[in-house]
1. Specify which of the listed residues (192, 169) is farther than 30 Å from residue 41 by Cβ, of a type in the set (Asp, Glu), modelled with pLDDT of 90 or more and in a strand (DSSP E or B).
2. Test residue 95 against the criterion of being surrounded by 15 or more Cβ atoms within 10 Å (Cβ to Cβ), at pLDDT below 75 and either within 14 Å of residue 49 (Cβ to Cβ) or within 19 Å of the chain's Cα centre (by Cα) (or both), and give yes or no.
3. Take residue 152 and decide whether it is more than 12 Å from the chain's Cα centre (by Cα) and modelled with pLDDT of 85 or more.
4. Residue by residue through segment 142-166, note down the ones that are more than 19 Å from residue 47 (Cα to Cα) and not in a strand (DSSP E or B).
5. Can you find, within segment 134-181, the residue that is least open to solvent (accessible area, probe 1.4 Å) among those that are touching a His at 6+ places or on another chain (Cβ under 9 Å) and among the aliphatic types (A, V, I, L, M)?
6. Does residue 184 satisfy being of a type outside the set (Asp, Glu), within 20 Å of residue 109 (Cα to Cα), open to solvent by 60 Å² or more (accessible area, probe 1.4 Å) and modelled with pLDDT of 90 or more?
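The values are calculated or read from the model by the stated rules, or taken from the named source; none is laboratory data. Just so we're clear, the structure is a prediction, and the values are computed from it rather than from any experiment. Cβ sites come from the backbone with ideal geometry, for glycine too, and all protein chains shown count toward neighbours. Side chains included, ligands, DNA and RNA excluded: accessible areas come from the protein's heavy atoms. Shrake-Rupley method; radii C 1.70, N 1.55, O 1.52, S 1.80 Å.
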Amino acid sequence: MNGGQHGHGRPDGDGTDRHPAGGAPDAGTDDVLDAVGPRLRALRRERGITLADLSSTTGVSESTLSRLESGRRRATLELLLPLARTYGVPLDDLVGAPRTGDPRIHLKPLTRHGMVFVPLSRRPGATQAFKMMIPAVAEPREPTPQTHEGFEWLYVLSGRLRLLLGERDLTLTAGEAAEFDTSLPHWLGSADGGAVELLILFGPQGARAHLRASPRRSPAAGREA
């Protein structure tokens, strides 16, 4: 595969890939293809992957990936297959193909760093909702703070959550919430080795949740360690 540079569309002078010569897709196909770019960008940012890293993994050039995410390059099977392999998701998830005749919501859990994420939303480019489950462990996990673009809001459903945020070390219990800019080094884990369940809203840079209440504090929880 030549770095994903030779797609089926013909680049015009402005670098935008138009419809293939065989004919333009119908309106429904256009809607699906137009949503691929924002969906790919949201997925990459949610995973904390740079374009350079993605290019190295997939063999697709950074410029092609950037044009694909911005909608200036039409998605083709040749481009989507390595992306699906890298993200570990089916092609249907990348293109958002609707399941006709089935009203059920098909949730597909993802496992990352020993934690389970259940996607609760599918809107590309918008705030993404997840249920996150941290399993009980015999030995505490070593914190590995990460940074990436965006803004995060979380709500603890059960258990005791340890939140490292910059130089702060916080413990949150069921019913407590927090929100923060993910450009700050952050890490989530169990505060006591027990299982933790929480809801997470992840939005693009500048997007914040409307709820701005401070967590309840008690002598046993919600304090800095």
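1. Result: 169 is the single residue among 192, 169 that is farther than 30 Å from residue 41 by Cβ, of a type in the set (Asp, Glu), modelled with pLDDT of 90 or more and in a strand (DSSP E or B).
2. Details: surrounded by 15 or more Cβ atoms within 10 Å (Cβ to Cβ): yes; at pLDDT below 75: yes; either within 14 Å of residue 49 (Cβ to Cβ) or within 19 Å of the chain's Cα centre (by Cα) (or both): yes.
Yes; evaluated as a whole, the condition is true for this residue.
3. Against the criterion (more than 12 Å from the chain's Cα centre (by Cα) and modelled with pLDDT of 85 or more), residue 152 does not qualify.
4. The initial filter retains those residues of segment 142-166 that are more than 19 Å from residue 47 (Cα to Cα), namely 142, 155-162, 166.
If the condition is that a residue be more than 19 Å from residue 47 (Cα to Cα) and not in a strand (DSSP E or B), then 142, 159, 166 are the ones that fit.
5. Restricting to residues being touching a His at 6+ places or on another chain (Cβ under 9 Å) and among the aliphatic types (A, V, I, L, M), the top hit is 163.
6. no
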